[in-house]
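To keep things clear, I will list the structure first and then write my remarks on it.
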Amino acid sequence: RPVVDISQVDKVYGNETRALDQVDLTVREGDFISLLGPSGCGKSTLLRIVAGLSKATSGEVKWWEQDYGVVGQPGRELCFVFQSPTLMPWARLDKNVRLPLDLKHVKKSESMPKVRDALTMVGLGDFEGAYPRELSGGMQMRASIARALVTEPSLCLMDEPFGALDEMTRNRLNDDILRLWKERGWTVIFVTHSVYEAVYLSNRIAVMAPRPGRIAEELTIEAPYPRG
Ligand code: ADP
Ligand code: ADP
C-alpha cells in the first residue's frame with residue numbers, strides 16, 4: 001500500500017530556479033528510502049513537499065491515496081526531523097518532547113508516560129529534567145528524534161538529521177534509527193549525501209541529480225545480512 005505517491009512533480013522557486021523536474025516516487029509501507037545526491041539537487045525540496053511544508057508547482061502528491069487532509073488522522077501521523085536539533089532552549093527536555101502532544105491538547109497525565117517512553121527509546125531516560133544546553137549535540141539530536149516519536153508517527157521524514165555530528169555519534173544514531181524502524185514498523189524517508197549512510201540504512205535508494213532536480217536512478221538493496 002503506498003504511503004506517499006508522487007507523480008510528475010515540478011517545483012520552481014520564483015520564476016527560474018527549477019528545483020524538481022518531473023519527479024515520480026512511490027513510498028510503500030515499511031520502506032526505508034534514502035534520497036541521496038549532492039547539495040542542491042532538490043532533496044530537501046522533495047522532502048518538504050512530502051511534509052506539506054512546501055507545495056509542488058505542478059504534479060500530484062498523495063498521502064495514503066488521499067490529499068493532505070488525511071495527514072494527522074489516527075495511524076496517519078507524520079513527523080519531520082530537521083538538520084539541527086531545534087529544541088526550545090528555555091524548556092527542559094520533557095517539555096520539549098511533549099510539545100507536539102501539547103499542541104494537540106493531550107492531557108499531561110496522558111502525555112507524560114509517552115514522553116518518558118520516547119526519551120527512553122533514544123537513550124535519554126535519565127535526562128527529562130535537563131535543559132538542552134546541558135546536553136551534547138548528539139544528545140540534542142536524539143531529543144529531537146524523541147519529540148518526533150512522541151506522536152507515534154507512521155511516516156517519518158528526516159532531512160540529514162546527523163549531518164552535523166561526528167562520525168562515531170552518527171554511527172550510533174544510525175543504529176538507533178534502524179532499531180526504531182524495525183520495532184515501530186515505520187516508513188522512513190531519509191535525506192543524506194552520504195552513500196555509506198544510504199546503503200547502511202535503506203532498502204531503497206533514490207539517487208537524485210541536479211539541474212534540474214530529478215531522480216536519476218532508483219536502487220533496491222537486498223541486504224546480505226538482517227538489518228539493524
Ligand atoms: P541543504 O539542504 O543543502 O543543506 P539548505 O536547505 O539550507 O541546504 O539550502 C539549500 C540551497 O537552497 C542553498 O544553496 C541555499 O542557498 C538555497 N536556499 C535556501 N533557502 C533559500 C531562499 N529562501 N532563497 C534562495 N535560496 C535559498
Ligand atoms: P538539496 O536538499 O539537495 O541540497 P534543495 O532542495 O535545498 O537541495 O535545493 C534545490 C535547489 O533549489 C537549489 O538550486 C536551491 O538553491 C534552490 N532552492 C531551495 N530552496 C529555495 C528557496 N526557498 N528559494 C529559492 N530557491 C531555493
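The values are calculated or read from the model by the stated rules, or taken from the named source; none is laboratory data. Everything numeric here is computed off the predicted structure, so don't read it as measured data. Backbone-built Cβ (ideal geometry, glycine too); neighbour counts: all protein chains shown.
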Inset, instruction - Go through 147, 172 for me and flag whichever is at pLDDT 90 or above and over 10 Å from the mean Cα position of the chain (by Cα). - result: 147
Inset, instruction - Of the conditions (1) at pLDDT 95 or above; (2) under 22 Å from residue 183 (Cβ atoms); (3) touching a Leu at 6+ places or on another chain (Cβ under 8 Å), residue 98 clears all except one; give me its number. - result: (3)
Inset, instruction - Test residue 30 against the criterion of being in a loop (DSSP other than H, G, I, E, B) and within 14 Å of ligand 1 (Cβ to nearest atom), and give yes or no. - result: no
Inset, instruction - Please go through the range 196-215 and pick out each residue that is of a type in the set (A, V, I, L, M, F, W, C) and within 16 Å of ligand 1 (Cβ to nearest atom). - result: 198, 206, 207, 208, 209
Legend entry - The one condition in (1) among the charged types (D, E, K, R); (2) touching a His at 6+ places or on another chain (Cβ under 8 Å); (3) free of Cβ contacts under 8 Å to residues at least 40 places away in the same chain that residue 172 fails to fulfil: (2)
Legend entry - Flag if residue 15 is closer than 30 Å to residue 200 by Cβ and free of Cβ contacts under 8 Å to residues at least 60 places away in the same chain: no
Inset, instruction - Read through the list (1) assigned to a helix (DSSP H, G or I); (2) at pLDDT 90 or above; (3) crowded, with 20+ Cβ neighbours inside 10 Å; (4) away from ligand 1 (no atom under 16 Å from the Cβ), then give the number of the only condition that residue 181 fails. - result: (2)
Inset, instruction - Output the number of the condition that residue 96 fails; it satisfies all remaining conditions of (1) among the polar types (S, T, N, Q); (2) within 28 Å of residue 207 (Cβ to Cβ); (3) more than 13 Å from ligand 1 (Cβ to nearest atom). - result: (2)
Legend entry - Top-ranked residue in the range 66-100 [being basic (Lys, Arg) and assigned to a helix (DSSP H, G or I); ranked as nearest to residue 135 (Cα to Cα)]: 95
Legend entry - Every pair of residues 6+ apart whose Cβ atoms lie under 7 Å, when the first sits in the range 83-101 and is closer than 24 Å to residue 189 by Cβ while the second is among the polar types (S, T, N, Q) and at pLDDT 95 or above: 87/96
